[in-house]
């Protein structure tokens, strides 16, 4: 069965599909840092926790590189979303 | 990578990419841009994505106006498309009559230069920013010719415009030295080879002093860490950026819905490059943010990051030729490279092309520091 790449979402918060990722890689945009800046992928409410590894793996697979060769963005703090009120110590 | 070029640009941020595009547009296409990491790794990719016109000096107001006129057409001119430009404006808030009086003078200056800014009282301020607390607020100045631009899209538009015309971009390429012979630039050495050239542009932002040292020029720009936090996205209401001198903070909502906010850093040591986000910033920013916008208490922080400002003695740009080395040009935005990208690229490209520059280069030259001609601007944090 053939997969419809336009319906496979790698990043659910920012709607990066497999089709769009392959399109960018075909255009020569192979830096994950650049892909992040172009598409906002990994920057949504999930803080990249659901999508980052999927996207990194797919870039490596599609471009024939190892995962170590991909410039994977770091995870940003905080580890869990937390309200400014909790941080400031106000109710 | 080419081994010979008419111009070599060091730095792939807003300044460098804009110069590449503005050179190409003027027919100078034998250009190589070198970026140590990726485009845009430094300050441009870490900034709060705003451009402003409300300054307190002729020099800075003119840079703003020249830049905005380029931003307005850049997406279409390069074929890149939408740059997410939304002129939601800035409000510069005042909590004392004295500081509002200074703003009144700035507004007079801005109006004389064709910038449509005006003074608001506390009630009017609340009308343009419904979530702003008016406690202690006297008023502010407001302008809608300024606002948001996506800095990533901006540099990719510049990159597209430049590379479509033949400019070569090299990522992950580190400059290791610059050869100078008889007071003239001869070549740029990198980890990927040497490029012969008679013209080098240092657009390395907060790292510019290291590039300057390679040719014996002291560039008075020191890195200083700043941090930003981003909240979860909520409905975007197109309210202006809140810029508070009293709190030392900026607060803005970007079209994606996230609020971005940042503050001055009391404990940062000038001269150190440091990308580590810290808890003390989150706590300080949370308190200062809630004080100005009480509803922030309920919004979640999802991201926090750090970048470096490049601090110049008068916090304005440093542009153009240097007296010591022929063929060496400086193009430092010094905390304002994104918002002044259009002007930086235009002026430096005009100078290199030997054209009449749109603004007087001596206003922005590195020599102003030795000659005591600093740009005095009371509207900068």
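The values are calculated or read from the model by the stated rules, or taken from the named source; none is laboratory data. The shown structure was predicted, so the numbers you read here are calculated from the model rather than taken from an experiment. Don't worry about glycine lacking a Cβ; one is built from the backbone with ideal geometry, like all the others, and counts go over all protein chains shown.
Brief remarks follow.
- Number of positions in the range B:326-381 that are at positive phi and either part of a helix (DSSP H, G or I) or in contact (Cβ under 8 Å) with a residue 40 or more places away in the chain (or both): 3
- Checking each residue in the range B:296-310 for being surrounded by fewer than 22 Cβ atoms within 10 Å (Cβ to Cβ), assigned to a strand (DSSP E or B) and facing chain A (nearest Cβ under 7 Å) picks out B:300, B:304, B:305.
- Enumeration of residues in the range B:270-285 that are without any contact (Cβ under 8 Å) to a residue 24 or more places away in the chain and in contact with a strand residue (DSSP E or B) (Cβ under 9 Å, 6 or more places away or on another chain): B:279, B:284
- Flag: residue B:14 matches the condition of being crowded, with 24+ Cβ neighbours inside 10 Å, within 14 Å of another protein chain (Cβ to nearest Cβ) and at pLDDT 95 or above.
- Selection of helices (runs of 4 or more DSSP H) fully inside the range A:2-91 by the criterion of at least 1 residues being surrounded by 15 or more Cβ atoms within 10 Å (Cβ to Cβ), at pLDDT below 95 and facing chain B (nearest Cβ under 9 Å) returns A:32-39.
- Candidates B:354, B:320 - the one that is surrounded by 18 or more Cβ atoms within 10 Å (Cβ to Cβ) and over 15 Å from the mean Cα position of the chain (by Cα): B:320
- Screening residue B:90 on (1) modelled with pLDDT of 95 or more; (2) assigned by TED's automatic domain parsing to the domain that holds residue B:332 shows it passes everything except condition (2).
- Enumerated strands (runs of 3 or more DSSP E) restricted to the range B:70-151, each holding at least 3 residues that are surrounded by fewer than 23 Cβ atoms within 10 Å (Cβ to Cβ): B:117-121
- Checking every residue in the range B:263-277 against the condition of being surrounded by 14 or more Cβ atoms within 10 Å (Cβ to Cβ), facing chain A (nearest Cβ under 7 Å) and either modelled with pLDDT of 95 or more or not in a helix (DSSP H, G or I) (or both) gives at least one match.
- Answer residue from the range B:228-260, given it is free of Cβ contacts under 8 Å to residues at least 60 places away in the same chain and within 12 Å of chain A (Cβ to nearest Cβ) and is surrounded by the fewest Cβ atoms within 10 Å (Cβ to Cβ) among those: B:257
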